[in-house]
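This report concerns only the one structure given below.
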Amino acid sequence: MTQWPEGPAADPERARERYDSDIRAVRRDLREAVRADLPAAHFGLGTVVVVSTVVGWLAGPVAGALVAGAFAALFLVTLAVMRLRGACGREATRRAYLFSFGWANWI
């Protein structure tokens, strides 16, 4: 027999509603915690440029181009996915940019 916090006379429907509302609240908080904004994405792009320049200077131009190319490929793949999901024009570009470079929030 399932043990409910309210005791044996618990209403399963109310317990399910409470569970669903708690899950929604946790997911909302998680989305807010990992949300990227444009200034952070700009900083991420700047970081990629600086790192690819430094890597290109230290290890050779091919290595620097590989770093920059990897992020360019990530951006293009993300842009294609956004377009396939129905985002158009500037909105698709903005979402792809935030996904590709918004990680700078955590530097």
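The values are calculated or read from the model by the stated rules, or taken from the named source; none is laboratory data. Computed from a prediction, not measured in an experiment: that's the story for all the values here. Please note: Cβ atoms are built from the backbone with ideal geometry, for glycine as well, and neighbour counts cover all protein chains shown. Ligands, DNA and RNA are stripped out before the accessible areas are found, and what is left, the full protein with its side chains, is counted by its heavy atoms. Shrake-Rupley method; radii C 1.70, N 1.55, O 1.52, S 1.80 Å.
Within the stretch 8-47, track down each residue that is surrounded by 10 or more Cβ atoms within 10 Å (Cβ to Cβ) and not in a helix (DSSP H, G or I). Scanning the stretch 8-47 gives Ala10, Asp11, Val34, Arg35, Ala36, Asp37.
Taken as a whole, the condition of being in contact (Cβ under 8 Å) with a residue 12 or more places away in the chain, part of a helix (DSSP H, G or I), open to solvent by less than 60 Å² (accessible area, probe 1.4 Å) and not aliphatic (A, V, I, L, M) applies to Gly102. Checking each residue in the stretch 48-64 for being of a type outside the set (Phe, Trp, Tyr) and either open to solvent by 60 Å² or more (accessible area, probe 1.4 Å) or outside any helix (DSSP H, G or I) (or both) picks out Val49, Val50, Val51, Thr53, Val54, Leu58, Ala59, Gly60, Pro61, Val62. Of all residues in the stretch 65-91, how many are open to solvent by less than 50 Å² (accessible area, probe 1.4 Å) and either closer than 19 Å to Val34 by Cα or touching a residue at least 24 places away in the same chain (Cβ under 8 Å) (or both)? Going through the stretch 65-91 one residue at a time, the tally reaches 3.
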